Amino acid sequence: MKCHEFQSLIDAYLRETIDEPRREQFEEHFFRCRKCFLGLKINETLQNREVSIPVGERPRRFTLRVLRPAMAMAALFLLVLTSVLLLRRDPPSQRLDELSRFDLPLYHQGEMRGGEESGSLLEQEFSLAMRSFQERDFRSALEILDRPSYTAAGSPKYDFFRAISLLGAGEAERAGEILDGIIQAMDPAYFDEAIYYKGFALLRQGKRRQALAQFEKLANMLSPMAGKARVMVQKLKAL
Amino acid sequence: MDDERFFEKLRARDPEAQKELIRTFTPRIFTYFRNRIKGESYYEDLVQDVFSAFFNGLDQGKLAGAAWIAPFMFGIAKRVLYNYFYKQKKNSDIQKNISSICELCSDFTESERLENQRLREVLNRLILGLPRVDRLILNAFYLQERKIGEIAELTGRSHHYVSVRKERAIKRIRAEIMRKNLY
């Protein structure tokens, strides 16, 4: 006899309505099968009314009766506390973080701004560096742009993109120094952009006021970057 | 302990193995006799007969292995029952005989009573943990002796629903008992 058949015959066995051949099979089965015997015993005990089966609402245990509301209150308190802490988190600094994110300056393959083309080998490698740069893989770009051959080249193009790569790689101070050099040299090819990104370098160093002054300076200039600078000024003033 | 090791220990009359065997089969033998001999309340002698014959058979090498324990035990219980019906008397030598083989084979009725009492306590506790609808169904079925169809009508549920919930409730209880090895 299989277990499922046994289960279906328990009631008949206990009420003695089972036929004799099956009864013997049934009995033989429960001698062998612990699980089925236990099922039989449970049914037998229940049928003999040896246990009580209360039908009312389940008596709530201490943990449910007392601790559940307490836990609910604790959870609510934690929720409120978390919300308050989140709200109290310095929003200007959060927004400042957002503002210090910058769009990459445009770069065109074979860009000639900033003077004559340097040695072709440098340019070839520069193109490789810019490929990484455009994918925001600033570290890879810097592996090329930080080489002495590029730093010694004195090209505002190399310097500018090295500065932006440093800015993207989190080295705002070094980036700022390079940008200062470009600004001081007053090379028209990268001058405006250098001022603009110097603003971001300052923001990233937490120098909000100086950054604002930088953007304001650019905003008041007759420059294609003035519009973008004005947007930054507005955003910074709104903080 | 695996079955064959258990069987070897039984053959070597290991007291722990004997105890385990008695613990496993006493409730089954009682259940068997209780359902076969209605109206009687004293099965002690019959249970002793069964174990006596079992251990004798084991000593005589009548069991080929662990797989034969349950069928062999059932066969003996059946024979003891038939003997009971035919003779309706107790073999006075049994008590002495079994004591020499198995010192633990005594007071089966008391052990059965305790086992049943334990089961009742466990059931009372587990039933309380069931959802209310399951308790309603079990109460109506077992205590009020209502049929599944009647319960379905009373609760406004289908026959299938009531039947399935009842079976599942029993299965849940059984699984919990087996998981915690409560019986």
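Throughout, read-outs are computed from the coordinates displayed, never taken from laboratory work. This one's a predicted model, so the numbers in the text were calculated from it and none came from an experiment. For neighbour counting, all protein chains shown are included, and Cβ atoms are generated from backbone atoms with ideal geometry for every residue, glycine included.
Report the gain in length on full extension from A:Leu104 to A:Lys207: 0.36 nm times residue separation, minus Cα-Cα distance, nm rounded to one decimal.
Extending this stretch completely gives an extra 35.0 nm.
Any idea what the alpha-carbon Rg over 2.2 N^0.38 Å comes to for the protein assembly as shown?
2.02
Note down the nm distance, to one decimal, between modelled labels 7 Å out along Cα→Cβ at A:Ser149 and at A:Cys3.
7.6 nm
Determine, from the Cβ-Cβ distance of B:Glu20 and A:Ala75 and an R0 of 45 Å, the FRET efficiency 1/(1 + (r/R0)^6), rounded to the nearest 0.05.
E between B:Glu20 and A:Ala75, to the nearest 0.05, is 0.40.
Once you place label points 7 Å from the Cα toward the Cβ at A:Glu177 and B:Asp59, how far apart are they in nm?
Placing both labels 7 Å beyond Cα along the Cβ direction yields 10.1 nm.
Under 16 Å from a point 7 Å along the Cα-to-Cβ line of A:Asn220: which residues of region A:175-196 have their amide N that close?
Answer for this model: A:196.
Listed here are the pairs B:Lys62/B:Lys171; B:Lys38/B:Lys180; A:Lys2/B:Lys9; B:Lys19/B:Lys166; A:Lys157/A:Lys217; which of them are more than 27 Å apart at the Cα?
Over 27 Å Cα-Cα: B:Lys62/B:Lys171; B:Lys38/B:Lys180; A:Lys2/B:Lys9; B:Lys19/B:Lys166.
Any chance you could give the angle, 0 to 90 degrees and rounded to 10, that helix A:68-88 forms with the longest Cα principal axis of chain A?
Helix A:68-88 sits at roughly 10 degrees to that axis.
Among B:Asn139, B:His159, B:Ile22, which residue has its Cα positioned farthest towards the positive end of the charge dipole of chain B, with +1 placed on the Cβ of Lys and Arg, -1 on the Cβ of Asp and Glu, and the dipole taken about the Cα centre?
So the residue we want is B:His159.
On C-alpha positions alone, give me the angle between the axis of helix A:120-134 and the longest principal axis of chain A, in degrees, nearest 10.
For A:120-134 against chain A, the angle is about 40 degrees.
As an exercise, find the ratio Rg/Rh for chain A from alpha-carbon atoms, using the Kirkwood inverse-distance average for Rh.
1.58
So what are the radius of gyration and Dmax for the Cα set of region A:97-237, in Å?
Values for region A:97-237 (Cα only, Rg and Dmax): 14.5, 46 Å.
Against the longest principal axis of chain A, how steep is helix A:20-32, in degrees 0 to 90 to the nearest 10, with axes from Cα atoms?
With rounding to tens, the tilt is 50 degrees.
Would you mind calculating the gained length between B:Arg79 and B:Gln117 on full extension (0.36 nm times residue separation, minus the Cα-Cα distance), in nm to one decimal?
Extra length available between B:Arg79 and B:Gln117 comes to 10.8 nm.
How far is it, in nm, from the label point at B:Leu143 to the one at B:Arg5 when both lie 7 Å from their Cα along the line to the Cβ?
Each label point is offset 7 Å from its Cα along the Cβ direction, giving 4.5 nm.
What are the membrane-span-like helices in chain B by this rule: whole DSSP H runs, Cα extent along the axis at least 15 Å, mean Kyte-Doolittle hydropathy at least -0.5?
Sorted by number, the helices that extend far enough and score high enough are B:44-59, B:69-87.
How much length is gained on full extension from B:Ala12 to B:Met178, taking 0.36 nm per residue of separation minus their Cα-Cα distance?
So the extension gain works out to 56.9 nm.
Give me the dipole magnitude in Debye, nearest 20, for region B:3-87 about the Cα centre, with unit charges on the beta carbon: positive for Lys and Arg, negative for Asp and Glu.
300 debye
Peptides A:206-219, A:19-32: what's the order by average Cβ count within 10 Å, highest mean first?
Top of the packing list down: A:206-219, A:19-32.
What FRET efficiency, computed as 1/(1 + (r/R0)^6) with R0 = 41 Å and r the Cβ-Cβ distance, is obtained for B:Glu167 and B:Lys87, rounded to the nearest 0.05?
That gives a FRET efficiency of 0.50.
Provide Rg and Dmax in Å for chain B, with only Cα atoms included in the calculation.
So, for chain B, Rg and Dmax equal 20.2, 61 Å respectively.
Can you list residues whose amide H is under 5 Å from B:Tyr43's amide H, if they're 5+ apart or on another chain and H is modeled 1.01 Å from N?
Here the answer is none, since no amide H 5 or more places off falls under 5 Å of that of B:Tyr43.
Output ³J(HN,Hα) for region A:233-239: one whole-Hz value per residue in order, computed from phi by the Karplus curve 6.51 cos²θ - 1.76 cosθ + 1.60 with θ = phi - 60°, and x for Gly and Pro.
These are the phi-based 3J(HN,Hα) values: 4, 4, 5, 5, 5, 6, 5 Hz.
To the nearest 0.05, how large is the calculated FRET efficiency for B:Arg132 and A:Arg15 if R₀ is 22 Å and r is the Cβ-Cβ distance?
Calculated transfer efficiency: 0.25.
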